[in-house]
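As C-alpha cells, the structure follows; a few thoughts come after it.
The values are calculated or read from the model by the stated rules, or taken from the named source; none is laboratory data. Keep in mind that this is a model prediction, so the values were computed, not measured. Because the Cβ atoms are built from the backbone with ideal geometry, glycine has one as well, and the counts that use them run over all protein chains shown. Only protein heavy atoms, including side chains, enter the accessible area calculation; ligands, DNA and RNA are left aside. Shrake-Rupley method; radii C 1.70, N 1.55, O 1.52, S 1.80 Å.
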Amino acid sequence: MLNTAEFVKQLIRFFYSFSPYFWLDSYYKRRESEFVAESDAWQKIRDKRLFLSEFYIVGWLGLSVVVTVATVLFPSIHWPQWIMLLMMVRIFGIVNKELGVILFGICKITEGSMVSATGRVIVLAMVNFLTAMFLFAGLYQMNGVFNDAPDYLQNAWPVAGLVHSLNVQFTMSGAFTPDNLFTWWLTTAQGMFCFVFGTIVISLFVSLLNVKPLRA
C-alpha cells in the first residue's frame, strides 16, 4: 500500500542529505548520543549544534547580501553558471528543510514534534525568507532581462533585479515584465516559493497562538 506522506517524508530527507550542514550536524548528533541526556557534556554539544544551525542560516543571509551588492557595484562581471546553480540549490534547500520541519518534525535538531513553534524558529524562518529574496535578486541581477524597467534602475544604479525581487517577495507580483525565458521562469519560481513559504510561516504563527474560550 502506497503511503504518500511517508514517501514525501523520505524524499525530503533524501534532498536534505545533500546539505553540508546535514553531515556536520550528524557528526555532532552522534557525539551527543554518547552522553546522558541533559548532562553537562550533552548540553555542551547540543549548544554547539544550535550555534552551528544559526551560523549556517545567518551565514547564508550574509553571503546572499554580499553577492547581491556585488552585482550592483560590478554589473559588468560575467558570473559563472555554477554560482547561479548553487544559489538555486540553496533556495530549494530552504523550502525543503522548512517543509520537513512543519510537516513531519524532521530536518531539525529537536526532531519528533510536528511543529516546533518557538520564537527562535520564527526568527530563523524569516532569516531564510530574506535569504531567498536576496538570492533571487542576485539571480535577476546576474542573468535577468526586463523589457520595461526604467533607465534610472538600469544605468546609474543597476538595481532592477533587486527591485523586482523585492516586489515579488512581498506582493507576489513582478515589478517588471520578464523579457526572456530564464527571467520568466525565475519570476514564476519565486512566486511559488513565496506561496509555499507564506503557508509555512502562517502555520508557525498559528501554532504559537494560545486560544482560550471567553468566560461566560
State which stretch of the chain is the longest one without any exposed GluC sites (Glu not before Pro), exposure meaning a DSSP loop state and at most 16 other Cβ atoms within 10 Å. 112-216
Cα-centred dipole magnitude for the chain, charges only on beta-carbon of K, R (+1) and D, E (-1), debye, nearest 20: 640 debye
Hey, what do the phi angles of the range 19-33 turn into as Karplus ³J(HN,Hα) couplings, whole Hz, using 6.51/-1.76/1.60 and θ = phi - 60°, x for Gly and Pro? 7, x, 5, 4, 6, 5, 5, 4, 4, 5, 5, 5, 5, 4, 5
When the charge dipole of the chain is computed with +1 on Lys and Arg Cβ and -1 on Asp and Glu Cβ about the Cα centre, the Cα farthest towards its positive end, among Y21, G105, A125, belongs to G105
Hey, can you find the accessible area per residue of the chain for me, probe 1.4 Å, expressed in square angstrom? 59 Å²
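First compute the accessible area of the chain with a 1.4 Å probe, then give the percent of it belonging to carbon and sulfur atoms.
69 percent
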If I compute Cα extents along the principal axes in Å from the structure I just sent, which labelled value in (i) 47, 37, 34; (ii) 74, 33, 26; (iii) 62, 52, 41 lines up? (iii)
With only helices counted (DSSP H, runs n ≥ 4, each -39500 (n - 2.57)), the per-residue ellipticity at 222 nm for the chain, to the nearest 500, works out to -23000 deg cm²/dmol
